[in-house]
Amino acid sequence: MLETRLRHDGYEVVVARDGEETLAVAQAAQPDLILLDVMMPKLDGIAVCRQLKSDPAFPFTPIIMVTAMTDTKDVVAGFDAGGDDYLTKPVDQQALMARVRSMLRIKSLHDTVQSQAAELARWNTTLEERVATQVAELERVGRLKRFFSPQLAEAIVRGGADDPLASHRREIAVVFIDLRGFTAFAETAEPEELMGVLREYHARMGELILAHEGTLERFTGDGMMVFFNDPVVIPDAVERAVRMALGMRAELEELAARWRKRGHELHIGIGIAQGYATIGAIGFEGRVDYGAIGTVTNLACRLCAEAPPGHILISQLVHAATEHLVEAEALGELRLKGFQRPVAAYDVRGFKAGARSRGPQGRGDGQAGGADGGQQAAGGADDQRPREAAEEQPAGDPEVERDL
């Protein structure tokens, strides 16, 4: 009777004739609902219900106990065995269909929750993998930031640049920066005062290097070497180098005024050159630096050595690329150590009118010193060319020292 009514209402029905067959059919068919007669041959409904509910491999399936026994203890025994509902015989057809619909809703909700839990578990697994990937990426970025600006390091990790550590040749703009008067200052200053000055100096200069997306090749005490156009090619490398240098001069003069009150006379000298260099990893297993080697680095270093306090000397190529941007005084041809022929050089005085505001990625540039931004703040009697104190020469490229 139950089978006929359920089929009539559109349900697919599988029938078992005894308890053992019920267990076998339930495991094979895994139905959405089981109507289980308590009184069955071989194995009664209570035992069948208990075995199905205790089997962890059997999926959740509502069980309606169908019984002619109405005693409370019989009903309780059915629920204790794991039954979810019960019907008494003779079965009321309306009660039957109401209970079937109710149990199937419960089954559907349970399956939905299970599906969502499984999907959430997959998401968690995916999230863990993504977190691990991102942590590895952050570690890579952290290592690369030792050499590059954050923007360039992230571009490399994302695949926006070729392997930067592989040796390659590229045209770059090189900037050498050096503190004038630092050697004399270091001879008389206490170590704590010396380190305090260097920290201030490096912090200010470092902000400008990052802002202009330069690649810091090295610190050498009071000296720095920065280059542009590697590892990622940029269209305005020379312009960025000059803008950064003018910003550094302005920042340094602000620091110099503070240091002067403490009795320290320090100024900046900068040299900028443009040309081709071999770039890549330099070092040995366990200690690798990212460096550029070539005539262009030597030239920038020598121009820096020739620059009086508060001055920026640039090569002829740099001047040609930035003459629309800055006012520069021609110095004629200088005889630089290590160069057989005289080298044309220019002294950058400041920005041309209206040229200051256009910086990298829309950033403005700092004051270059003076009311019109075009005058450099020189260092009094020290502002003479060439410099006489050999110990004040900036630390140049290792190739310079070997070749010269």
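The values are calculated or read from the model by the stated rules, or taken from the named source; none is laboratory data. The model shown is predicted, which means the values in this text are computed figures rather than measured ones. We place every Cβ from the backbone using ideal geometry, glycine too, and count neighbours over all the protein chains shown.
Assorted remarks:
- Some residue of region 232-244 being touching a residue at least 40 places away in the same chain (Cβ under 8 Å) and farther than 19 Å from residue 328 by Cβ: yes
- Residue in region 258-268 that is in contact with a Leu (Cβ under 9 Å, 6 or more places away or on another chain), assigned to a strand (DSSP E or B) and among the hydrophobic types (A, V, I, L, M, F, W, C) present: yes
- All conditions but one from (1) at pLDDT below 80; (2) acidic (Asp, Glu); (3) farther than 20 Å from residue 174 by Cβ; (4) not in a helix (DSSP H, G or I) apply to residue 391; the one that does not is (4).
- Test result for residue 103, in a helix (DSSP H, G or I), in the same structural domain as residue 11 (by TED's automatic domain parsing) and in contact with a Pro (Cβ under 7 Å, 6 or more places away or on another chain): yes
- Looking across region 158-172 at every residue that is in a loop (DSSP other than H, G, I, E, B) and closer than 18 Å to residue 282 by Cβ, the one that is modelled with the lowest pLDDT is identified as 162.
- Residues of region 301-343 satisfying the condition of being assigned to a strand (DSSP E or B) and of a type in the set (A, V, I, L, M): 312, 313, 314, 326, 328, 330, 331, 334, 343
- Residues of region 85-107 satisfying the condition of being touching a residue at least 24 places away in the same chain (Cβ under 8 Å) and closer than 16 Å to residue 60 by Cα: 100, 103, 104, 106, 107
Okay, residues lined up against (1) among the aliphatic types (A, V, I, L, M); (2) within 25 Å of residue 12 (Cα to Cα); (3) touching a helix residue (DSSP H, G or I) at 6+ places or on another chain (Cβ under 7 Å):
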site	(1), (2), (3)
48	yes, yes, yes
52	yes, yes, yes
98	yes, yes, no
135	yes, no, no
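- Screening region 28-47 for residues that are over 59 Å from the mean Cα position of the chain (by Cα) and of a type in the set (A, V, I, L, M, F, W, C) and picking the one that is farthest from residue 64 (Cα to Cα) gives 43.
- Matching option when the condition is in the same structural domain as residue 178 (by TED's automatic domain parsing), over 32 Å from the mean Cα position of the chain (by Cα) and on the phi > 0 side of the Ramachandran plot, among 280, 221, 263: 263
- One residue stands out in region 1-27 among those that are of a type in the set (A, V, I, L, M) and more than 60 Å from the chain's Cα centre (by Cα): the one that is modelled with the lowest pLDDT, namely 1.
- Applying the set (1) of a type outside the set (A, V, I, L, M); (2) in a strand (DSSP E or B); (3) surrounded by fewer than 22 Cβ atoms within 10 Å (Cβ to Cβ); (4) in contact (Cβ under 8 Å) with a residue 40 or more places away in the chain to residue 219 leaves exactly one unmet item: (4).
- Scope region 202-231; condition closer than 23 Å to residue 325 by Cα and among the aliphatic types (A, V, I, L, M); matching residues: 205, 208, 209, 210, 211, 225, 226
- Cβ-Cβ contacts under 7 Å between residues 6 or more apart (or on different chains), taken from a first residue in region 282-297 that is hydrophobic (A, V, I, L, M, F, W, C) and at pLDDT 85 or above to a second residue that is surrounded by 14 or more Cβ atoms within 10 Å (Cβ to Cβ) and not in a strand (DSSP E or B), are listed as 293/397; 293/399.
- Selection of region 223-234 for residues being modelled with pLDDT of 90 or more and out of contact with any Pro (no Cβ under 6 Å at 6 or more places or on another chain) yields 224, 225, 226, 227, 228, 229.
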